[in-house]
Protein chains: 2
Amino acid sequence: MASLSDIGVAAAINILSAFVFFLAFAILRIQPVNDRVYFPKWYLKGLRSSPLHTGAFVSKFVNLDFRSYMRFLNWMPVALQMPEPELIDHAGLDSAVYLRIYLLGLKIFVPIAFLAFVITVPVNWTNGTLEHSNLIYSDIDKLSISNIPIGSDRFWTHLVMAYTFTFWTCYVLKREYEIVATMRLHFLASERRRPDQFTVLVRNVPPDPDESVSELVEHFFMVNHPDHYLSHQVVCNANKLSDLVNEKKKKQNWLDFYERKYFRNQSSRPSMKTGFLGICGSRVDAIDFFTSEVERLSREIDSERDKIVNNPKSVMPAAFVSFKTRWGAAVCAQTQLSRNPTIWLTEWAPEPRDVYWDNLAIPFVSLTIRRLIVAVAFFFLTFFFMIPIAFVQSLANIEGIEKAVPFLKPIIEMKATKSLIQGFLPGIALKIFLRFLPSILMLMSKFEGFISLSALERRSATRYYIFQFINVFLGSIITGTAFQQLDNFLHQSANDIPKTIGVSIPMKATFFITYIMVDGWAGVAGEILRLKPLIIYHLKIFFLVKTEKDREEATDPGTLDFNTGEPQIQLYFLLGIIYAVGSPILLPFIIVFFGLAYIVYRHQIINVYNQEYESAAAFWPDVHGRIIVALVVSQLLLMGLLSTKKAAQSTPLLITLPVLTIWFHRFCKGRYEPAFLINPLQEAMMKDTLERAREPNLNLKGFLQNAYIHPVFKGGDDSDSDATTEELNLKPALVATKRQSRRNTPLPSKHSGSLSP
Amino acid sequence: MASLSDIGVAAAINILSAFVFFLAFAILRIQPVNDRVYFPKWYLKGLRSSPLHTGAFVSKFVNLDFRSYMRFLNWMPVALQMPEPELIDHAGLDSAVYLRIYLLGLKIFVPIAFLAFVITVPVNWTNGTLEHSNLIYSDIDKLSISNIPIGSDRFWTHLVMAYTFTFWTCYVLKREYEIVATMRLHFLASERRRPDQFTVLVRNVPPDPDESVSELVEHFFMVNHPDHYLSHQVVCNANKLSDLVNEKKKKQNWLDFYERKYFRNQSSRPSMKTGFLGICGSRVDAIDFFTSEVERLSREIDSERDKIVNNPKSVMPAAFVSFKTRWGAAVCAQTQLSRNPTIWLTEWAPEPRDVYWDNLAIPFVSLTIRRLIVAVAFFFLTFFFMIPIAFVQSLANIEGIEKAVPFLKPIIEMKATKSLIQGFLPGIALKIFLRFLPSILMLMSKFEGFISLSALERRSATRYYIFQFINVFLGSIITGTAFQQLDNFLHQSANDIPKTIGVSIPMKATFFITYIMVDGWAGVAGEILRLKPLIIYHLKIFFLVKTEKDREEATDPGTLDFNTGEPQIQLYFLLGIIYAVGSPILLPFIIVFFGLAYIVYRHQIINVYNQEYESAAAFWPDVHGRIIVALVVSQLLLMGLLSTKKAAQSTPLLITLPVLTIWFHRFCKGRYEPAFLINPLQEAMMKDTLERAREPNLNLKGFLQNAYIHPVFKGGDDSDSDATTEELNLKPALVATKRQSRRNTPLPSKHSGSLSP
């Protein structure tokens, strides 16, 4: 059991490491040579030009202005200065609302922590239960509910606190839901014309022996939406083509690398081996090899492109159908077309950037089966992951390590080592395990067949949260307890087991405090350093970059990873809410995390991340729902705890809490959730009417024609894509857009989601 | 514990009582004087005229043709002869599909019973576990899984059977869902024009300081559905008016009664007391009193009617909005209108007969709170009802009774009494408790604010099922077990308790067999006798009936009570599915119930019941869902049972069963359920197009004008309603229809739901 001083050491280490990260960041960011790594968003927006062009040679790479080193924390106030509306214009609503999650944490926990330290902590401290018990305990546990004698009237304090905290949390949640819903509606209403406002994705077009998919879609909508149907765009299975394009890109990179190598050292042409990882196989001239490879792939790409355009079999039974009015699209997206509910499925088209093209090719029939397979796989993943964690946790106990490897005892017994192990190990072990996870979960979501990136990320986030809840939270409590108390359990009668668990839950607080410090504090501080992108950028600059355009592409700003970030925050909400009543000592650590993370991520969103898509905060119902889950869990745990404390008269009062919370959730769901799912007809009609008045002669068909074409048709980096584009122009259903790499074009600010007409 | 001979006695008694009921029915139904009680449906349809008009005086009342007494069971084949399409025409789809639930029971359980008796029963019987144990057991238990020794390989039989039964049940369920969905769609497609096809109910119209509700609705839909909006009908709060009308009707009945009394005995005018129940208060002349009362009420009704028509405050913020096309209505019903999802709520209008007018007046804001209140109330109702049942069940144990009232011991110990008590008492006690319930549950649903009778009945049915599941099923198993085995439990270690429960579940089979016989066999046979309507009819004929029209009204055909009937059937499904693997001895009793009930209810539906509304089998998803619940519960119980039998190697195989079953449910839900909720646009468009081609000059507005007027405005039986109708004609929004009592008019066959244009 970690004592107060162990916690102190761990805190010192983590604060120090956070400080080191910040210092490193402060030094690295003001070096011009790193400018593109730490401010890529401004480059993408075209608002910042490379500092390499100006000034003396040395100052191109190293900042020699020593005064700027003194103000190494001045990015913090700068990050906080940008007002929210400007932030929405700058980075999109998704990012701005994402930041509000951290703010929500502060709003919930600061008043709760204040109340808890003024009221609960003194009530807990002024008892002597633990001192007179034979349980292992630390000073920190004396601040918790464990220190109150069984059957004491002091539990009424905790009951009242549980009510207060629940009501406060619900109040804040409701207010936040309302604000976010308004922000979303305002954002959607103030947007310019976007293709997805007029477009509906139709899936599972039934096969027809006489008509092609395209004809069938046209006829069906001509009949069933006669007044509103405008045009459509069939979906082609271009997965193979996009694989080829990607492969070509990779080979092109190698070609660039070797060309550059040869350019620097013209004495010998670079050579390589063709086999596995360049280790085995015959030795060939690298430049020749990759040139021929690139040419071969170009030919293959051309023939594949032809095949897709000309072969009706490559057309999937799905189409993007566009309507003359937003009203028509809203109606079509919200209604069922056919009497058979598994064909002619309509849903809002995601915005073009948000479409996950690979999954459009999945036939609908297999979706149900895929869902079952993924559910089973996730179940196994979740429950068999527990074994290694339990093992590591048992090692993380000093006594456990000493027993396992007795010869290390002298080293471990040194005070510094001991504190280090107890402060770091449990947190780090967990963290490493969890690193593997998000990509597996994302693969699962992709396999399941969601058709937009935002949906993929939301589903992955849900799974990640469930995983963390079971494995990190429950796993840590139950396994940890089990390893320590198993001996006791086996010799106790059935009635005493829940008591011991009830006592152990608050005692796990110390473990979670170290976890918060390692994962939260140091993790967030490490985030700002961007070590991985920094290294990759410099490697690329050194090996690949030939032109200024290449340099632009070498900067990968990355995106805010909703699928891992949000569940991580939710874990802190869960811990905070659960420990708020029992062990409020956890709360300051969580508040520090929320504050630090808010500043860091605000900085990153302003300067670094460039979101791939804009879902207009569609994730908020998930965020809200998970905090409600945390609330209900905390209430149930408290009920269990108090019932073991013989404070049984409080049970009926505690049962009403989850009932009220769930009712509150249903109320919020009914009141606010539709704003995140549905485009109401009134809004659509209003925008239509305005538009008709302003631009009576709008050529909507032209505007929508090329919106939903698979990105590989939208002109890649190939020299030969022009030919294809021309060819495609002959086929109206597959017309490619003008060649344009969105990456390099400054996005129109304010409407990062809209394509200019 | 009831032995085989006890069961035999109970079976004999129940078969005898069923036989007596059938005999009584056979005699009563062929008496001309009862003709209207046993064939009311034919009278309502105008296809049968009163036999009282023809023949000799005596044969008007008593059937003297003795040959007809010989064929006393010939109603059974007659009931089965009507083919299903004719049955749908005759009694509506709801009734025809309701009968299919019984057929479904037969389809599921006959093959299962056959398999079980060929395979499982011999496997169970050829063991001697119970004989060598010290548990109390009966011969019937020897047929069950209890008789197999712990850890035996014979449990593989039960495992394979569990799989077979699950797959068979799912196969039958899927096929049935498909058939019912097709029937529903065909029924809806072949219907004539009905007002509800064009109409949407709009609730929670937001208050507007400048416009009345009617104006606001008109403007809103003019703007948001400009091409489709036709007309609307605001909803008035006429609850007080309909109370007054009902009261007047009651007083009118008393007036008729006293007038008839005076007519028979003109010597003295009847008198009565005005106080409570006619017991206290001052004595007055009854005819005068009721005449003045009726007059007073007529005046009050007139003034209330005026108030509703002229006072804008009586207009509720809700309206029935009609569209020019079915397509427009389908679109409006399926989409969200306003950005605020709690105002301008649209849903399909129920057919006019199905509207529960009282609840249209509930403001929407209170609905969430009402739902919470009802949920809490239902929880308490469910869990506090267990106490009396537990008490009665404990008494139903012979030994328990002997201990409680020792002086009755000699009587109880007589063999006949003992069998009687053990065969009847537990079932009857439960049955009496359950009699109180449906009306309470219906009140709850009404309070909750559903706006159609069909929704009210479906919700009540769900609650009734939950109640029965917890109290009848779980209550009987756990409480019964608890009372018998509590002593054992207290002296056992923790590991042995689940074992004892596992053994006890199959041993409860004998209790449920008696329950099935009393509730199922005798109950169904009693149903056909219609004792209560028979008595009421004859009382009315004697005391109230003056004219032929009165006689028509005296017959109350009643309706099929879905809210109690369906959950009752579901209990048999639950018992059958749960005991199919462990104690197949239950199955023949259940099959007899399903067969008997099918014949009896088919007869009743053809000859007696007259449904109030037609929901086109909207209840089928509930039926399907509950059978799935029964399947999953049975699989979990079997898992518990087998794990206590040390057949642990089967556990992973058993876990996959509920997973597959739930997946199957989700599949069916996605595939078939929308057919029961949504009117697809394709269908609507098809019917619109056909209609436009056939009747290009249709006056739809005229057709829809009076469809959704509160029934009290639709002309009652009052002499003064003509005046009101005229008055209402001045106000287009509240025009009353032609005076017409649907009760007395033969309904157009085939389209029992459609109002002739």
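The values are calculated or read from the model by the stated rules, or taken from the named source; none is laboratory data. Being a predicted model, the structure only gives us computed values, none of them experimental. Virtual Cβ from ideal backbone geometry, glycine too; neighbours counted across all protein chains shown.
Residue-level analysis places A:VAL632 among those that are more than 8 Å from every other protein chain (Cβ to nearest Cβ) and surrounded by fewer than 20 Cβ atoms within 10 Å (Cβ to Cβ).
Considering the range A:180-226, and only residues there that are surrounded by fewer than 22 Cβ atoms within 10 Å (Cβ to Cβ) and touching a Lys or Arg at 6+ places or on another chain (Cβ under 8 Å), the residue that is nearest to A:MET686 (Cα to Cα) turns out to be A:ALA189.
Exactly one residue out of A:ALA318, A:ALA329 is surrounded by 20 or more Cβ atoms within 10 Å (Cβ to Cβ), small (Gly, Ala, Ser) and more than 14 Å from chain B (Cβ to nearest Cβ): that is A:ALA318. Here A:VAL234, A:VAL200 are screened, and the one residue that is of a type outside the set (D, E, K, R), within 30 Å of B:ASP227 (Cβ to Cβ), in contact with a Cys (Cβ under 7 Å, 6 or more places away or on another chain) and in contact (Cβ under 8 Å) with a residue 40 or more places away in the chain is A:VAL200.
When each of B:ARG192, B:ARG184, B:ARG175 is tested for being part of a helix (DSSP H, G or I), closer than 30 Å to B:GLU673 by Cβ and in contact (Cβ under 8 Å) with a residue 12 or more places away in the chain, the lone residue that passes is B:ARG184. Elements of the type helices (runs of 4 or more DSSP H) sitting completely within the range B:523-571 and holding at least 3 residues that are modelled with pLDDT of 80 or more and of a type in the set (A, V, I, L, M, F, W, C): these cover B:523-529, B:531-543.
Counting the residues of the range B:214-261 that are of a type in the set (Phe, Trp, Tyr) and away from every other protein chain (no Cβ under 14 Å) gives 3. If the condition is being within 8 Å of another protein chain (Cβ to nearest Cβ) and basic (Lys, Arg), then the range B:663-681 contributes B:ARG666, B:ARG671. In the range A:343-360, the residue that is nearest to the other protein chains (Cβ to nearest Cβ) out of those that are buried (at least 18 other Cβ atoms within 10 Å of the Cβ) and in a loop (DSSP other than H, G, I, E, B) is A:TRP344. Scanning the range A:219-240 for residues that are over 36 Å from the mean Cα position of the chain (by Cα) and assigned to a loop (DSSP other than H, G, I, E, B) yields A:HIS225, A:PRO226, A:ASP227, A:HIS228.
The rows are residues; the columns are (1) modelled with pLDDT of 90 or more; (2) over 30 Å from B:TRP327 (Cβ atoms); (3) of a type in the set (Gly, Ala, Ser).
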{"residue": "B:LEU103", "(1), (2), (3)": "yes, yes, no"}
{"residue": "B:ALA113", "(1), (2), (3)": "yes, yes, yes"}
{"residue": "B:THR129", "(1), (2), (3)": "no, yes, no"}
{"residue": "B:PRO149", "(1), (2), (3)": "no, yes, no"}
{"residue": "B:SER152", "(1), (2), (3)": "no, yes, yes"}
{"residue": "B:HIS158", "(1), (2), (3)": "no, yes, no"}
{"residue": "B:VAL180", "(1), (2), (3)": "yes, no, no"}
{"residue": "B:GLU191", "(1), (2), (3)": "no, no, no"}
{"residue": "B:VAL200", "(1), (2), (3)": "no, no, no"}
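Out of B:LEU653, B:LEU660, B:LEU698, one residue alone is more than 11 Å from chain A (Cβ to nearest Cβ) and either touching a Leu at 6+ places or on another chain (Cβ under 9 Å) or in a helix (DSSP H, G or I) (or both). It is B:LEU653.
Taken together, the criteria exclude A:ILE513 from residues that are farther than 23 Å from A:VAL9 by Cβ and modelled with pLDDT of 75 or more.
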